[in-house]
1. Against the definition (of a type outside the set (Lys, Arg) and over 23 Å from LEU6 (Cβ atoms)), how does PHE32 come out, yes or no?
2. For a quick check of your reading of the model, give me the residue pairs whose first member lies in region 25-43 and is closer than 18 Å to GLN106 by Cβ, whose second is surrounded by 11 or more Cβ atoms within 10 Å (Cβ to Cβ) and basic (Lys, Arg), with beta-carbon atoms closer than 8 Å and at least 6 apart or on different chains.
3. List the number of the failed condition for VAL116; all other conditions in (1) free of Cβ contacts under 8 Å to residues at least 24 places away in the same chain; (2) in contact with a helix residue (DSSP H, G or I) (Cβ under 8 Å, 6 or more places away or on another chain); (3) not in a helix (DSSP H, G or I) hold.
4. Could you please let me know if TYR35 is outside any helix (DSSP H, G or I) and farther than 19 Å from LEU131 by Cα?
5. Consider TYR23 carefully, then state whether it is among the hydroxyl-bearing types (Ser, Thr, Tyr) and either part of a helix (DSSP H, G or I) or within 12 Å of the chain's Cα centre (by Cα) (or both).
6. Can you go through VAL93, VAL15 and tell me which one is crowded, with 17+ Cβ neighbours inside 10 Å and β-branched (Val, Ile, Thr)?
7. For ALA54, all conditions in the list (1) surrounded by fewer than 12 Cβ atoms within 10 Å (Cβ to Cβ); (2) at pLDDT 90 or above; (3) within 24 Å of LEU11 (Cα to Cα) hold save one; what is the number of the exception?
8. Considering region 67-85 alone, what residues qualify as being in a helix (DSSP H, G or I) and more than 18 Å from LEU19 (Cα to Cα)?
Amino acid sequence: MRGLKLGLGLLVGFVVVGLGIFYFENIGRLCFDEYSNAPYDPENLDAFIMSLPAGAFLALLLAHVGGVFLGALTASLIAGWKRYVPAIVIGVVLSSFSFINAYEIQHPLWYEILDVALVLPTALSAHKIYLSRSI
């Protein structure tokens, strides 16, 4: 039963991560008019991304961190484990996705480093909040 709850928690947690990032990114897009000129051609995408202001990358970073936090917290709540397993799985998978994203699409170096580095600690923090039951 514990394994089933963990699996369900991770499944729902990953869905919440995706929806959270999508929602937060859309809020960020509303703040920056530059997104209305986004190219659909992958060859022009790198140049477009590098032309964005630093605030757009901060908004994107907050979207990723916020989505991971919500997803890890959800996975922890559903799984009900005291061990950090749900948060570690969410954190490692999303860190891998951040690394792949940084490799595939050109971003400023500071953003790439922070995006990869903040995901796992954010997931662990969400689980720590779950353990404290202060939510």
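1. So PHE32 fits the description; yes.
2. Close Cβ pairs (under 8 Å, with a partner that is surrounded by 11 or more Cβ atoms within 10 Å (Cβ to Cβ) and basic (Lys, Arg)) amount to TYR35/ARG29.
3. Unmet condition: (3).
4. Here the answer is no, as TYR35 does not meet what is asked.
5. yes
6. Of the residues listed, the single one that is crowded, with 17+ Cβ neighbours inside 10 Å and β-branched (Val, Ile, Thr) is VAL93.
7. Only one criterion is unmet by ALA54, namely (3).
8. If the condition is that a residue be in a helix (DSSP H, G or I) and more than 18 Å from LEU19 (Cα to Cα), then ALA79, VAL85 are the ones that fit.
The values are calculated or read from the model by the stated rules, or taken from the named source; none is laboratory data. Being a predicted model, the structure only gives us computed values, none of them experimental. Ideal geometry is used to build each Cβ from the backbone, glycine not excepted, and the neighbour counts take in all protein chains shown.
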